[in-house]
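Undergrad: I have a structure here, written as structure tokens, and I will follow up with some questions on it.
The values are calculated or read from the model by the stated rules, or taken from the named source; none is laboratory data. For clarity, every value in this text was computed on a predicted model and none was experimentally measured. Quick reminder, even Gly has a Cβ in these numbers, built from the backbone with ideal geometry, and neighbours come from all protein chains shown.
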Amino acid sequence: MSLSIVNGTVFDGVSAELVEEPVHVEDGRIVQIGGTFTADRVLDARGKTVLPGLIDAHFHAYGIALDLVAIESGSASYLAYAGARRLENALRRGFTTVRDVAGGDPGITRALGEGLIAGPRYLYTGPALSQTGGHGDPRGTDSDFCGCHEFLNEVVDGVDALRQAVRDRFRRGAHAIKIMASGGVVSLTDPIRVPQYSPEEIRAVTDEAARRGSYVAAHAYSPEAVRHAVENGVRSVEHGNLIDAETAELMAAHDAFLVPTLAAYDAMDRRGAPLGMAAVSQEKNREVLASGREAVELARAVGVRIGFGTDLMGVLEDEQLAGLRLQSEVEGLLRTLQSATSVNADLVRRPDLGRVAVGCVADFLLLDGDPFADPALLWSGERTVIQAGTVV
């Protein structure tokens with residue numbers, strides 16, 4: 001099928017200059033911008049702004065609860081159904097691509113490809129790799145059990161074991177590899193600032209990924225954890241809330257991306273306690289909440305490329321669009337839109353995503369009005385979502 005989107009104002013994902021040109025699509029890709037074209041369907045976008053489909057670079061399809069043990073000890077069939085619903089909800093909000101950085105598998109990818117479920121383009125890492133007692137280890141200090149199906153995380157220690165785990169993830173179609181390189185908010189036993197994994201262990205992971213033509217994303221908060229990750233080959237720093245100026249400069253020198261997840265901390269601060277979030281997790285969240293915005297400013301000041309992610313667990317998924325609002329309060333709307341489109345596309349090494357340009361995938365978000373005049377349209381306005389040339 002071919003499609004022409006006419007009479008709309010187009011943001012191409014990169015330029016601050018909006019254009020009023022028709023966009024023509026054939027076989028799921030943009031084949032022409034401007035001029036005339038004979039299409040099977042013409043969509044009148046008068047009064048609307050046409051944007052590239054949004055990309056959430058820190059998403060968890062299987063993150064159906066704030067309790068890691070509940071997820072890892074639950075039913076695989078229920079998890080799959082709940083994950084499918086989360087994916088469909090993300091697509092309908094305008095996220096036509098997500099990068100799942102703790103979870104995902106060939107089964108859900110096959111279901112998406114065969115049309116059994118609706119959802120965004122799905123790039124997954126498989127379960128994140130965690131050291132014993134690290135952010136991906138769901139056990140508390142006084143528990144000794146195995147409730148670990150390894151849906152979200154897998155505890156793997158040692159260079160040889162990590163190499164094997166990385167190789168198996170690529171065998172199963174992983175887009176990239178995720179490691180836990182510092183403590184985290186929802187994990188119960190690890191201090192949030194302490195670096196995790198040895199240099200040799202991280203190097204084993206990044207070496208395997210590089211030889212496969214891929215890269216490694218690392219959960220890391222503190223300056224010492226981020227330096228530890230980046231100096232050992234990590235390309236994508238997730239969160240990074242506690243970084244200082246020196247660490248930001250190191251990231252820029254290594255061409256590492258920062259993927260802030262401001263939505264998660266804001267949502268957990270407001271809604272975590274009523275949802276039963278552990279007291280230790282609430283305390284950790286308060287530590288990183290205030291510094292998240294400052295980290296974005298420090299990174300921007302030295303030229304670090306800044307993406308966009310949400311990291312929302314359980315019912316907090318409904319805050320996904322609020323993440324755009326929070327990041328725009330720091331960065332402004334243009335940079336936030338660039339982060340959620342073309343910058344994230346560069347991060348996932350898919351230059352054919354996140355842009356309205358000839359040859360790119362025909363993923364679009366149409367908003368009823370001009371978000372640059374009224375930014376709230378991006379997170380609360382009516383929208384039309386188009387995925388690979390098909391209206392969702």
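Undergrad: Mind listing just one residue for me: the one in the range 340-386 that is touching a helix residue (DSSP H, G or I) at 6+ places or on another chain (Cβ under 7 Å) and not in a loop (DSSP other than H, G, I, E, B) and, of those, farthest from Pro52 (Cα to Cα)?
TA: Trp379
Undergrad: Further question on the same structure: Taking Arg169 and the conditions (1) surrounded by fewer than 19 Cβ atoms within 10 Å (Cβ to Cβ); (2) over 24 Å from Ile243 (Cβ atoms); (3) charged (D, E, K, R); (4) in contact with a strand residue (DSSP E or B) (Cβ under 8 Å, 6 or more places away or on another chain), which numbered condition does it fall short on, given that it satisfies the others?
TA: (1)
Undergrad: Take the range 85-138 and flag every residue that is surrounded by fewer than 24 Cβ atoms within 10 Å (Cβ to Cβ) and touching a His at 6+ places or on another chain (Cβ under 7 Å).
TA: Once the filter is applied, which keeps residues that are surrounded by fewer than 24 Cβ atoms within 10 Å (Cβ to Cβ) and touching a His at 6+ places or on another chain (Cβ under 7 Å), the range 85-138 yields Leu123, Thr125.
Undergrad: If you check Arg86, Arg139, Arg163, which single one turns out to be in contact with an Asp or Glu (Cβ under 7 Å, 6 or more places away or on another chain) and farther than 25 Å from Gly53 by Cβ?
TA: Values: Arg86 fails: farther than 25 Å from Gly53 by Cβ; Arg139 fails: in contact with an Asp or Glu (Cβ under 7 Å, 6 or more places away or on another chain).
Answer to the check: Arg163.
Undergrad: Might you check whether a residue that is touching a strand residue (DSSP E or B) at 6+ places or on another chain (Cβ under 6 Å) and either buried (at least 17 other Cβ atoms within 10 Å of the Cβ) or among the small types (Gly, Ala, Ser) (or both) occurs anywhere in the range 322-335?
TA: No.
Conditions tested, residue by residue: (1) closer than 17 Å to Ile243 by Cβ; (2) touching a strand residue (DSSP E or B) at 6+ places or on another chain (Cβ under 6 Å).
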site	(1), (2)
Pro260	yes, no
Ala263	no, no
Ser281	no, no
Ser291	yes, no
Ala295	yes, no
Val302	yes, no
Ile306	yes, yes
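Undergrad: Go over the candidates Phe151, Phe145, Phe170 one by one and state the one that is under 20 Å from the mean Cα position of the chain (by Cα) and either at pLDDT below 95 or of a type in the set (Asp, Glu) (or both).
TA: Values: Phe145 fails: under 20 Å from the mean Cα position of the chain (by Cα); Phe170 fails: either at pLDDT below 95 or of a type in the set (Asp, Glu) (or both).
Criteria check complete, one pass: Phe151.
Undergrad: Given the residues Thr341, Thr384, Thr336, Thr310, which is the only one that is of a type outside the set (A, V, I, L, M, F, W, C) and farther than 17 Å from Phe257 by Cβ?
TA: On the way: Thr341 fails: farther than 17 Å from Phe257 by Cβ; Thr336 fails: farther than 17 Å from Phe257 by Cβ; Thr310 fails: farther than 17 Å from Phe257 by Cβ.
The match here is Thr384.
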